[in-house]
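The values are calculated or read from the model by the stated rules, or taken from the named source; none is laboratory data. A quick note: this is a predicted structure, and the numbers were derived from the prediction, not measured. Neighbour counts are summed over all protein chains in view; Cβ atoms, including those assigned to glycine, are modelled from backbone coordinates with ideal geometry. Just the protein is used for accessible areas: all its heavy atoms, side chains included, with ligands, DNA and RNA removed. Shrake-Rupley method; radii C 1.70, N 1.55, O 1.52, S 1.80 Å.
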Amino acid sequence: MASAQEKAALCCGGPARDALRAAIAAPGKAVSMSAAGGGGERVVSAAGGGAVMDDIGSAAQPTTAKASSKGIPIMTRAQRFHPLDPLSAAEIAVAVATVRAAGKSPEERDSMRFVEAVLLEPEKNVVALADAYFFPPFQPSLLPRTKGSAVIPSRLPPRRAKLVVYNRHSNETTIWIVELSEVHAATRGGHHRGKVISSEVVPDVQPAMDAMEYAECEATVKNYPPFVEAMKKRGVDDMELVMVDAWCAGYYSDADAPSRRLARPLIFCRTESDSPMENGYARPVEGIHVVVDMQNNIVIEFEDRKFVPLPPPDHLRNYTPGETRGGVDRSDVKPLIINQPEGPSFRINGYFVEWQKWNFRIGFTPKEGLVIYSVAYVDGSRGRRPIAHRLSFVEMVVPYGDPSEPHYRKNAFDAGEDGLGKNAHSLKKGCDCLGYIKYFDAHFTNFTGHVETIENCVCLHEEDHGILWKHQDWRTGLAEVRRSRRLTVSFICTVANYEYGFYWHFYQDGKIEAEVKLTGILSLGALMPGESRKYGTTIAPSLYAPVHQHFFVARMDMAVDCKPNEAHNQVVEVNVKVESAGTNNVHNNAFYAEEKILKSELQAMRDCDPSSARHWIVRNTRAVNRTGQPTGFRLVPGSNCLPFALPEAKFLRRAGFLKHNLWVTPYKSDEKFPGGEFPNQNPRLHEGLATWVKKDRPLEETDIVLWYTFALHADIQHCFFSLQFMILTTEILHL
């Protein structure tokens, strides 16, 4: 992600604020300013009622800090990057060059394909050391004090990168760990400055697919003569009209074993080659079975199994302005302008965010996308109160419920098989945020090892959120009201036909909300004339939307009122109980909340139960609030469900973590992805979250990790009305 250390002078008073006001008073003009404190130069533009804050200068230079007022020495900052900052473009380039140079032969080096280059996150004590003494706001209280002066290292450990490399010649996947020395924006003379710490070949796995492979798969299929003939049978001679979406093969039998890198594409066909806004997903091609060997880019299976006519062309199915589809767009919606004339209430320093007593760090990975680190709330005299070490969405699974070919094979693991982060949008191309916006860029390696940047990938902004509190005194007639404001951090990605927006909201009343928005285009099937499908909804002539579900897994590494290396958390389940009839319930109206401590992993495999208002509390066993009760943070489920599938369903072999809504584990650094690190074509039953919990590790006074799975089941909640055609208006899930 872009930029390093900075100070958000735009939120402060003085010249910065005056410059912002000048910009708003003169829309369309840019005001250049330098942030106080050496945070780099940035441009503020105000047009159409909004403003954008971007870094355009270099990172702040390391500074020598003085002793604090409490006599605790703050050491010279030895690194430009905080230990949790995402890898910079220069660091990724160095890591790739280091791995390439370590190749044993020119053939091996040429065969390297770089699936992922990501920060190897340090241990929590390293993060605490950095936050205490090396990076503002300096927080020495994070580490225990010793007698006399605190002993502080002069440097933090070097940052490390983890690279997943696929060897196209040998079909092997290797995990490399590279130590990075101080990496600057440009390495002189092309020399890399990294050191290989380890390299390990991981047997019998296939890493995630890459966008370059998608394009290669499409070209391979469209150039395959039997496929060309099959399309001619359907009246299509122009291969430029054909869309081939490479889907991972999943695992259904030994034919899908990871000894081969496989794709089972879905086929669609547009009607006009010169219409970029045509919805090609409105014309699925049924009956053609294709399997592609992605290692060698060859078709290894092909069969034209069933002739189903292409759905008829219909301009109403396109996503273009209304007049081009025989209608008109709404003209009675008046402008709604979000204006913050004094700038935002948040402050930004690199990836560190402060807002309304909240503070946290922003991260980003190719697999998960947005990551929120070191979440804390500043609570008056109690100071900084930690809540969570790390929050992210670590997997999502989309199983389809139609047993017919090819839909029964559609059960995408969009994080593990594709990468939510690598498929993220540049919000320069369309942003759903309004107001004063801070954007963050994201950097990745592409398949060949070149660094790519998604500009304006993460959006941070404030939103008005209605009423926070209101009361009117009927005796005096006086009324008081407080409006609610929230800080939102978000990104949006596209995986084939679907768009997913991931949001973390922080509220003034101390609440955190996770939200997922689903939109985009439906994945459809074609029907024979007069046919209907039990396992889907007919939405247009010869078209139906198969039933399916969307599951999202949020991983929450909690630290409620715990300093680093403290493990004082436990998880309590709360159910509302109706009191039995008798002397304690003579009016038959009594009910109460019953608590149960989840003492081990097997006890903590839990499901939602709206009939008892079930929820869970992560509680600190050693901290109390002002009434003497243990402090805690409550997990409140939203709408949810479990998989609509029999236990023997093939996709559950890889997705056993979907069988319960809540799982709890003790923290372990290598337990990060519930389906294992490589779910693509994964034949193994004994991997991932459902296997880890079989150890039944204790959970009392532990470093707690919550895994919460929530779902949207399509057909009922997606509302596949004919009026919508193939366009999916936004559906929202909350945690």
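Determine by what factor the alpha-carbon radius of gyration of segment 211-324 differs from 2.2 N^0.38 Å, reporting the quotient.
1.13
What distance in nm separates the simple spin-label points at Val481 and Lys596, each placed 7 Å from Cα in the Cβ direction?
Going by the 7 Å Cα→Cβ label model, 4.4 nm.
Which ³J(HN,Hα) values in Hz, rounded to whole numbers, follow from the phi angles of segment 430-440 under the Karplus curve 6.51 cos²θ - 1.76 cosθ + 1.60, where θ = phi - 60° and Gly and Pro get x?
x, 10, 8, 8, 10, x, 8, 10, 10, 9, 10
Label Val586 and Lys104 with points 7 Å out from Cα along Cα→Cβ: what is the distance between them in nm?
Using points 7 Å along Cα→Cβ, the separation is 8.6 nm.
Round to a whole angstrom and tell me the spacing of the C-alpha centers of segment 689-711 and segment 327-366.
34
Sketch the reach of a paramagnetic label on Lys306 as a point 7 Å from Cα along Cα-to-Cβ, and name the residues of segment 193-233 whose backbone nitrogen lies under 19 Å away.
In segment 193-233, the label zone of Lys306 (backbone N under 19 Å from the point 7 Å along Cα→Cβ) covers 230-231, 233.
Using amide H atoms built 1.01 Å from N in the peptide plane, name the residues 5+ places from Arg159, or on other chains, whose amide H lies under 5 Å from its own.
When sequence neighbours closer than 5 places are left aside, the close amide H contacts are Leu180.
So what's the net charge close to Arg614: Lys and Arg +1, Asp and Glu -1, counting the other residues with Cβ under 9 Å from its Cβ? Before the final figure, lay out the partial values.
Working: positive: Arg606; negative: Glu573, Asp607, Asp609.
So the surrounding residues net to -2.
For the pair Lys428 and Val624, what calculated FRET efficiency results from E = 1/(1 + (r/R0)^6), where r is the Cβ-Cβ distance and R0 = 41 Å, to the nearest 0.05? Intermediate results must be reported in sequence, preceding the final value.
On the way: r = 49 Å, r/R0 = 1.19.
In this case the efficiency is close to 0.25.
Rounded to the nearest 20 debye, what is the charge dipole size of segment 211-324 about its Cα centre when +1 sits on each Lys and Arg Cβ and -1 on each Asp and Glu Cβ? Display every interim value, and only then the final one.
On the way: 12 positive and 20 negative charges, 61 e Å.
So the magnitude is around 300 debye.
Net charge near Cys269: determine it from the other residues with C-beta under 9 Å of the C-beta of Cys269, scoring Lys and Arg +1 and Asp and Glu -1.
+3
Can you find, among Leu310, Tyr252, Gly280, the residue sitting farthest towards the positive end of the charge dipole of segment 211-324, where Lys and Arg contribute +1 and Asp and Glu -1 at Cβ?
Ranked along the dipole, the leading option is Tyr252.
Show me the three semi-axes of the equivalent ellipsoid for segment 264-317, from the C-alpha gyration tensor (sqrt of 5 times each eigenvalue), largest first, rounded to whole Å.
Numbers: eigenvalues 130, 45, 10 Å².
After diagonalising the Cα gyration tensor, the semi-axes are 26, 15, 7 Å.
Report the charge-dipole magnitude of segment 285-439 in Debye, nearest 20, computed about the Cα centre from +1 at each Lys and Arg Cβ and -1 at each Asp and Glu Cβ. Intermediate results must be reported in sequence, preceding the final value.
Values: 20 positive and 20 negative charges, 227 e Å.
In debye, rounded to 20, segment 285-439 gives about 1100.
Just the accessible area per residue of segment 211-324, please: how many Å² with a 1.4 Å probe?
Values: 4940 Å² over 114 residues.
Heavy-atom accessible area per residue stands at 43 Å².
Work out how much length Leu646 to Glu405 would gain on full extension: take 0.36 nm times their residue separation and subtract the Cα-Cα distance, in nm to one decimal. Can you show the working numbers first?
Values: separation 241, 0.36 × 241 = 86.76 nm, distance 1.84 nm.
Fully extending the segment from Leu646 to Glu405 adds 84.9 nm.
Can you give me the P(r) profile for segment 562-708? Cα pairs, bins 10 angstrom wide beginning at 0, each as a whole percent.
Bins of 10 Å from zero give 10, 32, 32, 18, 7, 1, 0 percent of pairs.
For Tyr436, enumerate residues with amide H under 5 Å from its amide H, sequence gap 5+ or separate chain, H modeled in the peptide plane.
Long-range HN contacts for Tyr436: Ala51, Glu462.
Once fully extended, how much extra length lies between Ser381 and Glu701, figured as 0.36 nm per residue of separation less the alpha-carbon to alpha-carbon distance?
Values: separation 320, 0.36 × 320 = 115.20 nm, distance 2.53 nm.
Here the answer is 112.7 nm.
With every protein chain left in place, what is the accessible area per residue of segment 562-708 in square angstrom, probe 1.4 Å? It would help to have the intermediate numbers written out before the result.
Numbers: 7500 Å² over 147 residues.
Using a 1.4 Å probe on heavy atoms only, each residue of segment 562-708 averages 51 Å².
Does a label point 7 Å from the Cα of Thr448, set along Cα-to-beta-carbon, have any residues of segment 155-170 with amide nitrogen under 20 Å, and which are they?
It comes to 164-170, nothing else.
With unit charges on the beta carbons (Lys and Arg positive, Asp and Glu negative) and the dipole taken about the Cα centre of segment 562-708, which residue among Ala645, Val586, Gln681 sits farthest to the positive side?
Looking along the dipole axis, the top candidate is Gln681.
Mind scanning Lys668/Lys694; Lys659/Lys695; Lys357/Lys599 and naming the pairs with a C-alpha gap bigger than 26 Å? Kindly include the intermediate steps, with their values, before the conclusion.
On the way: Lys668/Lys694 15 Å; Lys659/Lys695 18 Å; Lys357/Lys599 33 Å.
As for pairs spanning more than 26 Å Cα to Cα, those are Lys357/Lys599.
Please find the FRET efficiency linking Arg330 to Ser639, where r is the Cβ-Cβ separation and R0 is fixed at 30 Å, and quote it to the nearest 0.05. Mind dumping the intermediate values first?
Details: r = 29 Å, r/R0 = 0.97.
It comes to 0.55.
Between Glu455 and Lys222, what FRET efficiency follows from the Cβ-Cβ distance if R0 is 22 Å, with the result rounded to 0.05? Intermediate values should be presented prior to the final figure.
Numbers: r = 31 Å, r/R0 = 1.41.
Approximately 0.10, to the nearest 0.05.
What distance in nm lies between label points placed 7 Å from Cα along the C-beta direction at Val578 and Asn297?
That separation, rounded to one decimal, is 6.7 nm.
Given the peptides 282-295, 684-697, 333-346, arrange them by the average over their residues of other C-beta atoms within 10 Å, most packed first.
Numbers: 282-295: 21.9, 684-697: 16.8, 333-346: 13.4.
So the peptides 282-295, 684-697, 333-346, ranked by packing, come out 282-295, 684-697, 333-346.
Using alpha-carbon positions, what is the distance between the centroids of segment 409-425 and segment 112-126, in Å?
Answer, in whole Å: 19.
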